[in-house]
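Engineer: Here you go, one structure.
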Amino acid sequence: MRTERARGAHRRPTRSRPPRARDAVTCPYCFALFGRDAIAYRCLGRAGRGVGCDPVLDMALAAYQGSQSGAMLPPVFTGRGTRASCPDCGRESGRRVCPECHHELAPAYCDTPGRIVALVGAKNAGKSTYIAVLLHELRNRVGTELGTSLVACDDRTIERYKRDFARPLFDQRRLLPTTPSAVTAPREPLVYLLTRRVKGRFGSRTEALTLVLFDTAGEDLRSREVRDLHLRYLEAADAIVFLADPLELVEGGAESEPLDVLARVTEPLRQRHGLDVKDRLRTPIAVALTKIDELELPASSALQRSRVRSGSLDADDREAVDAHVRSLLDAWGAGDLDRYLEQHYAEYGLFGVSALGGAPRGDEVAPGGVRPYRVEDPLLWLLHRFGMLDG
């Protein structure tokens with residue numbers, strides 16, 4: 001199995017970024033790395049006629065947002081612990097923020113710094129639809145199976161998901177439009193915190209995983225300036241989920257768009273990590289073929305079997321799916337994608353998913369509604385790699 005071979009690659013010399021220390025925190029917004037004791041606090045401000053600081057222009061937050069709108073807030077100060085007292089007004093605050101960009105951080109993220117999973121994909125891979133359905137599944141069926149809790153880390157994520165993803169797809173049953181370029185429509189990531197109680201040798205503990213989801217336009221990865229914006233979050237990521245349209249692989253073979261996009265992302269990452277030609281990136285990457293419902297697969301295909309919902313990773317199923325996707329790539333003349341992954345990544349897995357579960361009718365979801373199939377598989381594999389899911 002290819003994943004077993006990949007594990008052995010860790011013994012090869014590499015100069016990529018070492019794993020984060022347990023007390024290190026990566027801001028899921030600006031991706032600055034700092035110690036947990038460096039987390040800053042925001043004053044609660046004045047409540048009515050009570051004691052408290054007046055709002056001031058937060059220059060760091062305004063610079064991050066690219067606008068002063070919403071940046072008139074009580075001041076930021078340093079402290080220790082889950083709560084600290086403002087040195088100016090004396091009010092105790094538990095609102096913790098990034099010391100660099102001053103974006104507020106979720107309490108659970110500060111207490112248990114999560115692993116960051118970044119999502120990227122080629123043009124026409126259905127990234128927006130995949131994001132909408134994956135989050136919906138994690139809050140419902142998959143969340144119930146795994147015993148996980150998924151919460152948005154900020155109000156903008158809540159509003160944007162409802163407006164741009166949930167309402168059109170699930171309420172109005174309309175297909176999501178093509179993602180506009182970040183050059184014309186700047187966007188912040190959707191940031192979610194996934195928490196789960198994990199049983200250990202000496203009792204149970206809470207583990208956290210942060211999903212940082214950029215709905216990246218395919219053409220943005222052709223632009224160096226915009227690509228570098230996304231590389232900042234890819235470089236900070238503990239894992240990557242890469243989506244590819246299988247129909248483009250069928251038509252393009254070794255000259256396919258997904259391979260070009262993957263290379264545009266991988267090569268700058270290798271340069272930033274200072275890797276030699278013989279070294280491989282240690283960031284695990286899950287490569288998923290989307291829209292597998294549109295493929296004509298034999299009845300014996302592993303992708304035709306539903307995953308057993310056991311709350312754990314089925315190693316036999318994982319191996320069968322990985323092998324079948326690899327055989328599909330070879331049959332399409334796109335085996336170069338698999339070889340590229342093996343040469344540049346120490347750990348990777350191949351997957352097949354369908355967010356809609358059926359071909360849409362024009363601009364509308366099929367009459368049967370959204371029927372997702374295996375959309376959670378890449379994330380389950382990563383949860384297993386992070387020690388958050390048994391195998």
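The values are calculated or read from the model by the stated rules, or taken from the named source; none is laboratory data. Being a predicted model, the structure only gives us computed values, none of them experimental. Note: ideal-geometry Cβ built from the backbone for every residue, glycine included; neighbour counts use all protein chains shown. Accessible surface is based on the protein model in full, side chains and every heavy atom, while ligands, DNA and RNA are left aside. Shrake-Rupley method; radii C 1.70, N 1.55, O 1.52, S 1.80 Å.
Engineer: Report, by residue number, each residue of region 366-381 that is buried (at least 22 other Cβ atoms within 10 Å of the Cβ) and either of a type in the set (Gly, Ala, Ser) or more than 18 Å from residue 139 (Cβ to Cβ) (or both).
Structural biologist: The answer is 381, and nothing else.
Engineer: If you don't mind, there's one more thing I want to ask. Would you confirm, using the coordinates I've provided, whether residue 196 is open to solvent by 10 Å² or more (accessible area, probe 1.4 Å), modelled with pLDDT of 85 or more, closer than 23 Å to residue 311 by Cα and of a type in the set (Lys, Arg)? Steps first, please.
Structural biologist: Details: open to solvent by 10 Å² or more (accessible area, probe 1.4 Å): yes; modelled with pLDDT of 85 or more: yes; closer than 23 Å to residue 311 by Cα: yes; of a type in the set (Lys, Arg): yes.
Here the answer is yes, as residue 196 does meet what is asked.
Engineer: In addition: How many residues are touching a strand residue (DSSP E or B) at 6+ places or on another chain (Cβ under 8 Å) and in contact (Cβ under 8 Å) with a residue 40 or more places away in the chain if we restrict to region 257-274? Talk me through it step by step, then tell me what you get.
Structural biologist: Of the residues in region 257-274, the ones touching a strand residue (DSSP E or B) at 6+ places or on another chain (Cβ under 8 Å) are 258, 261-262, 265-266, 269-270, 273.
Restricting the remaining residues to those that are in contact (Cβ under 8 Å) with a residue 40 or more places away in the chain gives 258, 261-262, 265-266, 270, 273.
Residues in region 257-274 being touching a strand residue (DSSP E or B) at 6+ places or on another chain (Cβ under 8 Å) and in contact (Cβ under 8 Å) with a residue 40 or more places away in the chain: 7 in total.
Engineer: Still on this structure, I have one more. Scan region 106-128 residue by residue and report those that are assigned to a loop (DSSP other than H, G, I, E, B) and within 15 Å of residue 23 (Cα to Cα). It would help to see each step written out before you state the result.
Structural biologist: Within region 106-128, the first condition is being assigned to a loop (DSSP other than H, G, I, E, B), and the residues that meet it are 106, 112-114, 122-126.
Of everything in region 106-128, those that are assigned to a loop (DSSP other than H, G, I, E, B) and within 15 Å of residue 23 (Cα to Cα) turn out to be 112, 113, 114.
Engineer: With respect to residue 98, determine if the residue is at pLDDT 95 or above, under 17 Å from residue 154 (Cα atoms) and open to solvent by less than 40 Å² (accessible area, probe 1.4 Å).
Structural biologist: Details: at pLDDT 95 or above: yes; under 17 Å from residue 154 (Cα atoms): yes; open to solvent by less than 40 Å² (accessible area, probe 1.4 Å): yes.
Here the answer is yes, as residue 98 does meet what is asked.
Engineer: Need the failing condition index for residue 350 against (1) open to solvent by less than 50 Å² (accessible area, probe 1.4 Å); (2) assigned to a loop (DSSP other than H, G, I, E, B), just the number.
Structural biologist: Among (1) open to solvent by less than 50 Å² (accessible area, probe 1.4 Å); (2) assigned to a loop (DSSP other than H, G, I, E, B), residue 350 violates only (2).
Engineer: I'm trying to understand the selection: among the residues of region 283-316, which are touching a residue at least 40 places away in the same chain (Cβ under 8 Å), in a loop (DSSP other than H, G, I, E, B) and open to solvent by 80 Å² or more (accessible area, probe 1.4 Å)?
Structural biologist: 306, 309
Table: residues versus (1) touching a Leu at 6+ places or on another chain (Cβ under 9 Å); (2) outside any helix (DSSP H, G or I); (3) open to solvent by 20 Å² or more (accessible area, probe 1.4 Å); (4) modelled with pLDDT of 95 or more.
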position: 102; (1), (2), (3), (4): yes, yes, yes, yes
position: 130; (1), (2), (3), (4): yes, no, no, no
position: 143; (1), (2), (3), (4): yes, no, no, no
position: 156; (1), (2), (3), (4): yes, no, yes, no
position: 161; (1), (2), (3), (4): yes, no, yes, no
position: 164; (1), (2), (3), (4): yes, no, yes, no
position: 177; (1), (2), (3), (4): no, yes, yes, no
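Engineer: Does region 321-338 hold any residues that are in a helix (DSSP H, G or I), more than 24 Å from the chain's Cα centre (by Cα) and touching a residue at least 40 places away in the same chain (Cβ under 8 Å), and which are they? Write out each step before concluding.
Structural biologist: Here is the first cut: in region 321-338, the ones in a helix (DSSP H, G or I) are 321-331, 335-338.
Checking which are more than 24 Å from the chain's Cα centre (by Cα) leaves us with 323-324, 327-331, 335-336.
If the condition is that a residue be in a helix (DSSP H, G or I), more than 24 Å from the chain's Cα centre (by Cα) and touching a residue at least 40 places away in the same chain (Cβ under 8 Å), then 323, 328, 329, 335, 336 are the ones that fit.
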